[in-house]
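Trainee: Quick one: this structure, given as structure tokens, is what I'll be asking you about.
The values are calculated or read from the model by the stated rules, or taken from the named source; none is laboratory data. All figures in this text were calculated on a predicted structure; none of them were measured in a lab. Don't worry about glycine lacking a Cβ; one is built from the backbone with ideal geometry, like all the others, and counts go over all protein chains shown.
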Amino acid sequence: MSKKEEQRKIKEEKQAVAKRREKRNALMVRIGAVILTPLVLVVLYQGLFTGPPALPPDTIGEADHVRGNPNAPVTLTVYADFQCPACLTEFDVIARAWPRIEDDVRLVYRYFPLDTHRFSFQAARFAEAAGLQGKFWEMHDMLFRNQQGWSFVEDPTLLFDALAEEIGLDLTQLHADIERDSVRAKIVSDQQGGVRAGVRSTPTLFINGRIVSNPQSPGALIDLIEEARSNG
């Protein structure tokens, strides 16, 4: 085989690989749409009849969980699922960037549990109930840091209880609060607001109400925050 023919063969193989990749990506998009569409319909249906008003990503309500500088010029709103592996990655990105951005950011966490994750709604209930004891962010961090431990068991309740005890929560009160209608309503309200804002997967990030591509590194997130701060 001549060198020219060899180069042509390599080029054809690369083109074939690219076509297969495009087909695979298109299939994943269709699968994602099939999975997410029922969730969107259910959330919107629930929003017609139950729960408090859903807030857009650039509006902070009294029930929201916020950390950082309350007077910061930049609002970073994260819609996430505690059982979502990609959300765990984004949690790590934010945590590593946090020392550099905390003075310039109000970080808002919004629940967006997906039906495809078996324990995500239960985890959200534990986090919201922990918030009633003033420990939302502590439970938020514990759920993400231990995600791989509780995601693959038959029933994660005992593990959730262990995490709750580790951060000093009253378990009797926690279990009572988990069953509150207001706890469920907050989670559903966050979902409603996310759907209306265009959330179709997790995690989805908004900076000052504008949806942004998920930063893949602390440096990328820092750049986004600095850009938003500069634009006022």
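Trainee: For the range 79-98, how many residues meet the condition of being closer than 13 Å to Pro215 by Cβ and in a loop (DSSP other than H, G, I, E, B)?
Mentor: Matching residues across the range 79-98 total 0.
Trainee: Looking at the range 108-143, which of the residues that are of a type in the set (D, E, K, R) and surrounded by 18 or more Cβ atoms within 10 Å (Cβ to Cβ) is nearest to Arg184 (Cα to Cα)?
Mentor: Looking at residues that are of a type in the set (D, E, K, R) and surrounded by 18 or more Cβ atoms within 10 Å (Cβ to Cβ), I get Arg125.
Trainee: In the range 39-95, which residues are in contact with an Asp or Glu (Cβ under 7 Å, 6 or more places away or on another chain) and at pLDDT below 95?
Mentor: Leu39
Trainee: A further question follows. Is one or more of the residues making up the range 163-177 out of contact with any Ser or Thr (no Cβ under 9 Å at 6 or more places or on another chain), closer than 18 Å to Glu62 by Cβ, hydroxyl-bearing (Ser, Thr, Tyr) and at pLDDT 95 or above?
Mentor: No, there is no match, as no residue in the range 163-177 is out of contact with any Ser or Thr (no Cβ under 9 Å at 6 or more places or on another chain), closer than 18 Å to Glu62 by Cβ, hydroxyl-bearing (Ser, Thr, Tyr) and at pLDDT 95 or above.
Trainee: So which of Val188, Val199 ends up being under 16 Å from the mean Cα position of the chain (by Cα), crowded, with 20+ Cβ neighbours inside 10 Å and not in a helix (DSSP H, G or I)?
Mentor: Sole residue among the options that is under 16 Å from the mean Cα position of the chain (by Cα), crowded, with 20+ Cβ neighbours inside 10 Å and not in a helix (DSSP H, G or I): Val199.
Trainee: Using the structure shown, decide if Leu205 is crowded, with 19+ Cβ neighbours inside 10 Å, among the aliphatic types (A, V, I, L, M) and not in a helix (DSSP H, G or I).
Mentor: Judged against the criteria, Leu205 is a match.
Listed here are the residues, each with its yes/no results for (1) in contact with a Cys (Cβ under 9 Å, 6 or more places away or on another chain); (2) aromatic (Phe, Trp, Tyr); (3) crowded, with 18+ Cβ neighbours inside 10 Å.
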position	(1), (2), (3)
Arg67	no, no, no
Pro70	no, no, no
Phe91	no, yes, yes
Arg106	no, no, yes
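Trainee: Could I ask something else about it? Go through the range 99-151 residue by residue and tally those that are assigned to a loop (DSSP other than H, G, I, E, B) and either among the aromatic types (Phe, Trp, Tyr) or on the phi > 0 side of the Ramachandran plot (or both).
Mentor: Going through the range 99-151 one residue at a time, the tally reaches 3.
Trainee: On to the next question. If I filter the range 72-89 down to residues being surrounded by 20 or more Cβ atoms within 10 Å (Cβ to Cβ) and more than 28 Å from Leu163 (Cα to Cα), which single residue comes out as nearest to the chain's Cα centre (by Cα)?
Mentor: Thr75
Trainee: For the range 152-162, which residues satisfy the criterion of being more than 13 Å from Ala129 (Cα to Cα) and either in a helix (DSSP H, G or I) or of a type in the set (A, V, I, L, M) (or both)?
Mentor: Scanning the range 152-162 gives Val153, Thr157, Leu158, Leu159, Ala162.
Trainee: Hey, another quick one. Hey, among the residues in the range 149-183 that are among the polar types (S, T, N, Q) and either touching a strand residue (DSSP E or B) at 6+ places or on another chain (Cβ under 6 Å) or in contact (Cβ under 8 Å) with a residue 12 or more places away in the chain (or both), which one's surrounded by the fewest Cβ atoms within 10 Å (Cβ to Cβ)?
Mentor: Gln173
Trainee: For Arg210, which of the numbered conditions (1) farther than 22 Å from Asp115 by Cβ; (2) surrounded by 15 or more Cβ atoms within 10 Å (Cβ to Cβ) fails to hold?
Mentor: Of everything listed in (1) farther than 22 Å from Asp115 by Cβ; (2) surrounded by 15 or more Cβ atoms within 10 Å (Cβ to Cβ), Arg210 misses just condition (2).
Trainee: Hey, Pro215 hits all of (1) farther than 21 Å from Cys84 by Cβ; (2) surrounded by fewer than 21 Cβ atoms within 10 Å (Cβ to Cβ) but one; which does it fall short on?
Mentor: Single failed check for Pro215: (1).
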